[in-house]
Each structure stands twice: as C-alpha cells, then as structure tokens.
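The numbers here are math on the coordinates, done by the rules we state, and not lab data. If you're wondering where the values come from, they're calculated on a predicted model, not measured in any experiment. When we count neighbours, we look across all protein chains shown, and the Cβ atoms used for this are built from the backbone with ideal geometry, even at glycine.
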Amino acid sequence: MAKAQQHRLRRHPILDPLGEPTVAFEYNGETLFAREGEVISSALFANGIRIFGHHPRDGGAQGIYCVNGQCSQCAVIADGVLVKACMTPVRAGMVVESCEGFPAIPPDDRRVEFHEIPEHKPQVLIIGGGPAGIDAAIELGRFGIDCILVDDKPELGGKLSLQTHYFFGSVRDCWAGTRGIRIGEMLSEELARHPSVQVWLNTTALGAFYDKKIGVLKDGEYHLINPQIVLVACGAREKNIVFPGCDLPGVYGAGAFQTLVNRDRIDAASRLFVVGGGNVGLIAAYHALQAGIDVAGLVEALPYCGGYKVHLDKLRRMGVPVWTSHTVVRAEGRERVERVTISQIDRDFKPVSGTEQAFDVDTLLIAVGLAPINELYEKIKQYGIPVYAAGDADEIAEASAAIFSGRIAGRRILRELGVEVDIPQDWEPLAEILRSKPGETSEFKPPEDVTARVFPMLWCTQEIPCNPCTVVCPRDLIKMPGSILQLPHYTDGCIGCGRCVAICPGLAINLVINDYDPQGEKALLMMPFEFEIAVAPPGTEVVTVDQAGGTVGTGRIVAFKEHPDLDRRKLVMVEVPDADKLKVAGFRIRPETVAVDVEASDEEDPIVCRCERVRKSEIVREIRRGVRDMNQLKSLLRVGMGACGGKTCSTLIQRIFREEGVDLKDVTVFTERPLVAEAPLGVFGGEKRKQ
Amino acid sequence: MAQAFDAIVVGCGSVGVPSAYYLARKGLKVLALDRRSAVGQGENKAAIGGVRATHSDPAKILICRESLREFSTWKETHGVDIDWKPGGYCFPVYGEETEGVLKGILPLQKSYGLNIDWVDTDAIADLVPGIEREGLRGGTFSPEDGQVSPLKAAVAFERAAMELGAEFRFNEPVVAYLRDGDSITGVRTAKGEYSAPHVVLAAGADAGRHSEMLGLNIPVEPDSHEAGITMPVKEFLKPLIVDLRPGPEGKTANFYFGQVADGAIIFCYTPKELFKGDNRESLSEFLPVLARRMVSLIPRMRHLLVRRVWRGCYPMTPDGVPIVDNVGSVPGLTLAVGMCGQGFMMGPGTGMNVAELVTEGRSLLPPEVQVSLRFGRDYTGKKEALK
C-alpha cells in the first residue's frame, strides 16, 4: 500500500501526528512500510491487513485481540520465528509472514554460545510501569531504595499513554483536570530524577519460581531477579464474552482499540460498535469519534451504564445511540466483522426474541470489564516473598486511584524495609474515595439566578470523585461541601472566565451568556469541544441536544476559542434561541444510526478458548458428562492449553459451568504454573537475541 | 452401612485408572477413589507420555509390551483418540561406555522380540534433524515404542471403566483401612465407608502415607523431577530422544524430550542430585539448565517458545523396580506402587496384572519374572542396567 494511502490518522484533535512510515519490511512477499519503532500489528493494520494467519485446528482467521502481549492471537512469523505481532517492533528489512497452521522452526543449526544468566538482588522489584508502579517507584526512589522496575512496553506510563482525556479525581493528589497522557509524561520525568530506581523497559516478567526468583525477559535476554520485596502493578486484562462470531478478526478489546488509535495513531476502523457501558467502553467510543471513526452504537447488558454519567452523556450528545438491557448476539462476516446483531435481554440476561437489530460495522469493541493481572502476585505470595499489589492488579478502578494506590504501596514497602516514613491519615480514605463507583444521580438544577449576565450550567448530576471545577473558579463560586464525591454547587457571581468549562473532565460545564443578543431572543452558550473544528466550523447549523442527547432544537456555531493553556481543548460558542438556553447541553456531530435487516445465521456455536479454538458445545458436552475439574477439561479439549495459558477463557468456562447449573464450589480451576508468557528456549539457556 | 463393592482401587492415576478398567473388565463391581478432583491429577499429568518396551528388566519389558499394545490400538478399539504417536525411542550415543551398555542389553531385548537395534550416525542424524554430530557414535532406535497423551489416556481409561460399571469418586481421601483380623475389608474416606474383599493400592507418590495406615513398610519415597512443554510446531521430530550423558553443568544425569502428537515439544531431565520429597513447585534453575542441553544437542530448538513448566514426582523404590504384588500378610490387599517415574508407560500392563492378582491370586508374568516385582523382595538387589 502506498504510504499516503495507509490507514493512519493524519489529524487528531488532541494528539500530534506521528512520523511518516519509512521502515520498509516484507509481509507475505509484499513490501510495506512501518513507522520507526512501530509494532508489527500496528504496521499491518496501517497497511490494511487485519488477518494475521489461520488456526491449525480449523483454519479460523486470526487477528489482533488484546494488543497487550497477553493473548497471543496476533502471532506472526518474523524472520522465521513466531512472535507476538503486538509486542514486536518492525525492523528494516524484516521478513514477516502470516502464521498459517503450525509454524515450523527454522532449520538453523549453527552452534549457540551461551552466557551466564544474570542474577539481580534489588531491595524491591516492581512489575509494571503504569501509574501505580511509577508512583510507588517514586516513593521508593525518594529514599534511595534499590529498585528494579520492569515493564513490557518500550515506554513507561502503562495505559496512561492511551488516556487522552482529562483525569477525574483530586487536583491536589492525582492531577485531576490533566490529560492522562501528560500525567504519564510527568510521572516518567519525576521518576527519572531518582537514580536508585533502574527502569527496565521491553522487559516481560515470565514467571515466579519456588526458590524466590522471578524470571524476566529483558530486551531478548533472560534475567533472574531475587528481590526482598515485590510490588505487582501490572494492571488489568480485558474481560471477554462469548457469542457467535466473537472470534472474528475485527472483534477486539476496547483497550486494544485505544492502543491502535491513541498510541499508534492507526485509523483502525471505519465504523464500529461497542459492547459495554462502563467507563472503558464509553471512553473508547468517544476516542473513536475523536479519531474520526464513526460509532454506530453501544450496548450495555445491565439496565443502566456503570460508567460515569458524564461519559455516557457526552457520547449521547454526540448522537451515539446507547441501548441498555441489550447485548450483542452475533458478529458476522467473511473472515472479519461485517455486521453485528444486538438484542434486548430479559432479567436473566436471555435475549428477547423479536428485538434484534443489526448494524453494518467493521469493528466490534468488547468493553465488558477488566480483571486484575494477578497470577504472578498469587505465585510470589505462595512462595513467601513479601509482595504487594497496587493499581488495577490490586483492584480495578480509575487510573487516578491507581496512582494513589501505588503511592500508598510505596510507603508501605518503605516501612517494611525499616524506613521511618508516615502514611498520612487521610491517604487511605482518599484512596477509598478515588476507587469508589459512581454514587447517587440527582435531577439537574439550573442556578438560582438565570437572569444573570453569565452563569455556568453544571450538567454534573452524579456523584463521582472529581473536583477540578472547585479549584479553578477565580471567585471560588463552585463548592463541594464534604468530599470530592459531592456534586458541585454554584453560588451566583460568575464573571464568565470559562475556566470551569475548560477544565471539567466530564465536559459537563457550559456557560450561558445572556447579554449576547440585545433583543434577548438568542443566548450564547460556551461549551467545551474536543474535536477538530472541521467537524462543525463556524456558521454551521447544528442540532442541539439536552443532557441525555434528546433533540432540543437548532443552534449555530459562532466561534471557537483556543489557548495553549487549554491543552487542545477548544471552547465553542453556540448561539441558541433564548428559550432553549437552559435545556441545551450540547450538539450532535454524527448522523443517525441506521439499522439493517436482521438475517438468520447458521453459526451459533461460539468459540470459547481462542487459542485452541474450542467451541462452547464441546465444553457443555463434557460438563454434562460430569467433568468438574477444569484441568480435566483441558486434558479432553485443550481449553486453556494455548499460548495465553488459559488467561482468556478461564472465567468464560466458569460462566458456562454456572449456566449449566453447577455450583462453582464444586469446580476445580486451572492449576497455575510458570510461565505467564512464552519465550524462546535458547533465551532461557543464556542466548542473547535481538528483539 | 458401608456400600459394598467387589474391589476398591485407591488412587486414580496412571496405574489406578487402568487397574479399575481391567478389574471391571473381569466383571467386578469396582470403586475407584482419589483424594484429588479428577483422574490423573497427581503424577499422571506430569508425565511426558513416552511409552517403551525396550527396558532391560524382563518384568518391565513384558508389562510395557502390554501397555504398548493397548495404547497403540486404543483408538481402533474404543474410538477415542489418546494421541498415540508411533515414533519410537532413540538414544543417540556420544560415549564409548554408554555404547557398551546399550549394545550389551540388545540381546536380552531382542530375546523378548523387541524391535530395537544399534544404528549408525547417519541414521541418527536422519531421525534427529539438526543433531550435533561431533562425537556422535550412533545410537539405538526402537521404532515400535511411542508416545501417548497421559492426560487423554487417563480420561479414556476412566470412561471405558465407567462403561463397564466402575464407579469413580473424587475429593475423597482414604483416612483408614477397614480390617477383619489381618484381612482388609474396605476403606473409610472423609465421606463414608466402602467395603470390598479386595483393595488395590495405586496411590503413587502417596504410598508412604498409606503405609502407616496399613501398618506396613512400603518402601516408596518420592523425589521430584521437572518438565516443560513448548508451543506446537510442524512435525520435525518423530522419536522420543534420550541423551544419557550427564551434563557439563553438574546438574543433569540425563535428559529426554520428544514432539507429542499435537506438535509441542515436551522435555524433562533427571537431576544429578535428587530432589527428595513431593514438592511440585518449579525451580528457576530448570529452564536455563535444560535449555542449554537441548539447544546444544539440536541448535534449532532455540527458537521453540516455551509455554509451561511443572514438577512431578517419581515414587521411588530402593532398587528402582516397582512393587506389583498381593501382600501375603494382609489378605485382600494388592499393591501397585513405586513405579519409579514410569507409572504411565507401565499403567495398562500393570492394570492387567493387578486384575489377575485380584481375581486369580497370581501374576500374569512368569514366576521367575514376577519375582522382581514382589513386595517382600530384597530391595538392596542389583539396579537395572538401563533406567
């Protein structure tokens, strides 16, 4: 594919474009171009390649799924050797082939020289360089503790590098009101000031061993680490659901999508659908729209979306339909997603016949929750090394909570090491608040005096841990009595500076400017805007909507305000009829979603174990024959025996046991053994190889 | 009131499950018990699945010959695939002494009709693509040996036994043996009592624990061995390879590996210094030590992605030979223990023998061969030439 036609984001309202693809490599005999340092999966996506091979068991098409080194679905052959495409950077001249059936090992029988496996004895090993790991490392670094921090990616920051949105939480304690990507940069800079912390990037923890050593693969070299204390902060993996077609290329995790789009600036889809109304799904949908990728809709199985209401509202205001009490029943297409079918579900989560709707999309994002990556934690604990967990590896919550939990873990570790350091009394309660799920939702109330020259409309009606608006108001008019979970309360006296509009992470504050029209027929609204101006340039007539996205009337885009301090957030001035000014919360930017005819499908037996292509009916059959030990299911069907080590299907199988009426206390789960990620045999022997 | 059976098998592993099957085939009402949650969850699933009749002990030759016959025909007979792979065993040889030992036992092996021979270096290089040729003297190859999936075989035998009426109960550790005078009359578990005139002890590495309950000295002590498996790759290795050289690192007495039917390479080594006990947790030294040995032997194997490692136990007897016998002092008790790491390949043949011992009171093996498996033998005897 010509470089100019690649599926890459040329423009993005928040993110800078990345460099041009200049690195030539070969894929199945064709010359393609990647960006410097780009991983193979993103380079292939940029070149329009979505299918990376076919499975040996049934020829099923394989593509990306987690884009996080966890699932092994994206395996390709690079220079003769099987690699995870999402973890392996393209090198100039690399010969990449799709993985068709079982790979062969290259008949390369030159003798190999081995060196000793290096062993290290730091005071603390931190696994994971995301918000929790970095913040813990900073605490330890401040006291000169000898630490090794390992992370499997080429850059620090973990999932902060995907989080283009402003953070919620507390301004003082965890940078609320700042974009996640910037927080990642700031934390990394801060960490670099602490020389006692060695940061090992491109380093994957492979397993913990009984002799209290942890094996890691660092830049293609095997090392053993024998620390006094371990902090596991390796985040979460995306949960998964089973439905016919769930294995098609084009069905993948919302986090995977954010990696493709926000980290690697790949134009990964043209139109997508989202399953899951938690924060991850809601935010991923919004990020898609920002990248110019249409979002046909979102389904949530519960009767309400569990994510922050402000995220839900902003999505609905853009015109994205959100169906609660709905789920995806099918994805169809020839070797890739072309259509999804959704259905209403009853209280038992069973589809309600006759309520199906179908949509033509090329991508289906799965955002049905996160699960802590905790298998190393469990093993390390079992082997008697003092071990702590922080961030999502401890408890799934927002990144702001992860930062804070890392800080607390850092202090606890210091104390265990005998450093006399306090853990301030208010930290634990604050950590609790930052982790808290959304609370009560109240009815929206406009300010008391709506005749004032200018006043804010706080479309923030659900209790969430967030306080930037209270900090920025120069006249201190927005207050939150009690904790940062409370709703903000405005008292009259606004001067119209717009700082609250500019900082609200939920994009939930507008200003109403009453003195815009001398006739009093029109009012001007100031709203936050995080899209390209080209989406609605000045002069555009727009459909205005209320808080939940319902149509109010029409308005006209008057102007945009931009300022370096706003970190690319724009303030858009919208003229609306005076009568609408207390109703309008935003305006629509996408056309209405059109459903297509629902067609009957013949494939109804979904894949449960992706690695080994085991279908649900096979598992059900064995459960009905009396199998209660998942290790025996493994013997019979190979479920959980694949490259991911059962990480993806384990909970899905447990769900099938429950569906079959089996009490989970009668079920024996998979036995956990090293390794948690695959690595080449030669490397374990002490062969150095380039990654 | 205890539930009554004709025979109770204690232990549902490599030996216990086939024993239950052959007992049920004799028409007995069989109960098989295990303290774990399913068949094969002890040492069976840790086994690498090599099956050879080419031993140097006549009892093991005869038993494994039966096992091979059963494994290799299982799919035809029962319609269930247990991943039989008839690739043989190959012992490449680099040392004069090993050459002498292996050649020395060929006449005995051949006298039992085993298909095994000494082959030259080119033949070894054909069998083992990429093998290090420097110092290679040739080796033995026994094409009729092979590999089976222990995981699949355990379930296959369980289900075949169930079809014949055998009952399996899991999560039920035996806590006591029921006695009438010297005779055994049944077992008590954490969940209840079961009576039977015959009890077969096939508890693998747990045999020692049962020793105490039975008031017998069953000389079985486990030591633990590590193993691992790689991702599956296109077939490049037909036979299971055994390299009998001790390693230059001082840790390995020998090592062996093979490509199983699904394409993965499964591997293991015998530690020079045994790890006594039944610890099943993996150690950090295993992969670096074995990786060097494997890659030094066949360099291309350095590209194999290692998927999983584990540790399992060898229930050892002092002389390295199993105990398969009726216990004279305890009427009703049959021992099938101390398989010394070869329980899987010995399983079906031992099970057949157990069924004969229970129902007929005598072994299937000729008396002069059975003698080496007797419970009451002198365990200080000579060790097997090839273990």
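Worth a mention:
- Take the Cα of residue B:253, step 7 Å toward its Cβ, do the same at residue A:579, and the gap between the two points is 9.5 nm.
- Neighbouring partner chain Cβ atoms per residue of B:288-297, average, 10 Å criterion: 6
- A full extension of the chain between residue B:137 and residue B:371 corresponds to an added length of 80.6 nm, given 0.36 nm per residue minus the alpha carbon distance.
- Options B:135, B:162, B:197, ranked by Cα towards positive dipole end of the range B:57-199, top entry (Cβ charges): B:197
- Scaled against the 2.2 N^0.38 Å expected of a compact globular protein of N residues, the Cα radius of gyration of the range B:238-372 reads 1.31.
- For chain B, calculated [θ]222 nm from helices alone, where every DSSP H run of n ≥ 4 adds -39500 (n - 2.57): -9000 deg cm²/dmol
- Per residue, the average separation of C-alpha pairs within less than 8 Å and at least 6 apart gives chain A a relative contact order of 14 percent.
- Taking θ as phi - 60° and the Karplus parameters 6.51, -1.76 and 1.60, the scalar couplings of the range B:139-156 work out to x, 9, 9, 10, x, 8, 6, x, 9, 9, 7, x, 4, 6, 5, 4, 5, 4 Hz in sequence order, x denoting glycine and proline.
- Per-residue average of Cβ from other chains inside 10 Å of A:97-107: 4
- Positive-end ranking of A:42, A:22, A:5 along the dipole of the range A:1-50, with charges on Cβ about the Cα centre, is headed by A:5.
- Prolate/oblate/rounded label for the range B:57-187 (Cα gyration tensor, a/c 1.5): prolate
- Across the alpha-carbon set of the range A:485-611, the Rg to Rh ratio works out to 1.16, Rh being the Kirkwood radius.
- Dipole-positive endmost among B:299, A:464, A:507 within the protein assembly as shown (Cβ charges, Cα centre): B:299
- Once the C-beta distance of residue A:111 and residue A:567 is scaled by a Förster radius of 41 Å, the resulting FRET efficiency is 0.15 to the nearest 0.05.
- Taking all Cα-Cα distances within the protein assembly as shown, those exceeding 40 Å account for 51%.
- When the listed pairs A:634/B:272; A:153/A:212; A:239/A:479; A:159/A:616; A:239/B:238; A:121/A:239 are checked against a 28 Å cut-off, the alpha-carbon distance exceeds it for A:634/B:272; A:239/A:479; A:159/A:616; A:239/B:238; A:121/A:239.
- For chain B, the relative contact order comes to 24 percent (Cα pairs under 8 Å, sequence separation of at least 6).
- Relative contact order (percent, whole number), the range A:1-104, Cα cutoff 8 Å, 6+ residue spacing: 29 percent
- Charged-residue dipole, Cβ positions (Lys, Arg, Asp, Glu), chain A about Cα centre, Debye nearest 20: 420 debye
- Across the range B:327-332, computed HN-Hα scalar couplings (Karplus, 6.51 cos²θ - 1.76 cosθ + 1.60, θ = phi - 60°) run 8, x, 7, 10, x, x Hz from first to last residue, x flagging Gly and Pro.
- Amide proton proximity set for residue B:119, modelled H, under 5 Å, gap of 5+: B:139, B:140, B:141
- Cβ-placed point charges (K, R +1; D, E -1), dipole of the range A:1-104 about Cα centre in debye, nearest 20: 320 debye
- Using the Karplus relation 6.51 cos²θ - 1.76 cosθ + 1.60 with θ = phi - 60°, the per-residue 3J(HN,Hα) values for the range A:483-496 come to 7, 6, 7, 5, 6, x, 10, 9, 10, 3, x, 4, 9, x Hz, with x marking Gly and Pro.
- Separation of the range A:613-687 and the range B:29-97, taken as the distance between their Cα centroids, equals 24 angstrom.
- For residue A:663 and residue B:275, a Förster radius of 25 Å and the Cβ-Cβ distance give a FRET efficiency of 0.10, rounded to the nearest 0.05.
- Rounded to the nearest 10 degrees, the angle from helix B:58-78 to the longest Cα principal axis of chain B is 90 degrees.
- Residues whose amide H lies under 5 Å from that of residue B:189, counting only those 5 or more places away or on a different chain, are B:175, B:194; hydrogens are built 1.01 Å from N in the peptide plane.
- Comparing B:316, B:294, B:339 in a Gaussian network model of chain B (Cα springs below 10 Å), the most mobile by mean-square fluctuation is B:294.
- Cα gyration tensor shape for the range B:99-163, rounded if a/c is under 1.5, else prolate or oblate: oblate
- Computed from the C-beta positions of residue A:475 and residue A:335 and an R0 of 60 Å, the FRET efficiency is 0.50 to the nearest 0.05.
- Dividing the Cα radius of gyration of the range B:1-89 by its Kirkwood radius returns 1.01 for Rg/Rh.
- Taking amide H positions as modeled 1.01 Å from N, with prolines and chain starts lacking one, the residues under 5 Å from residue A:552 and 5 or more places away or on another chain are A:544, A:545, A:546.
- Stretchable slack from residue B:29 to residue B:217, in nm (0.36 nm times residue separation minus alpha-carbon distance): 64.8 nm
- Gyration tensor (alpha-carbon) shape descriptor, the range A:606-691, a/c threshold 1.5: prolate
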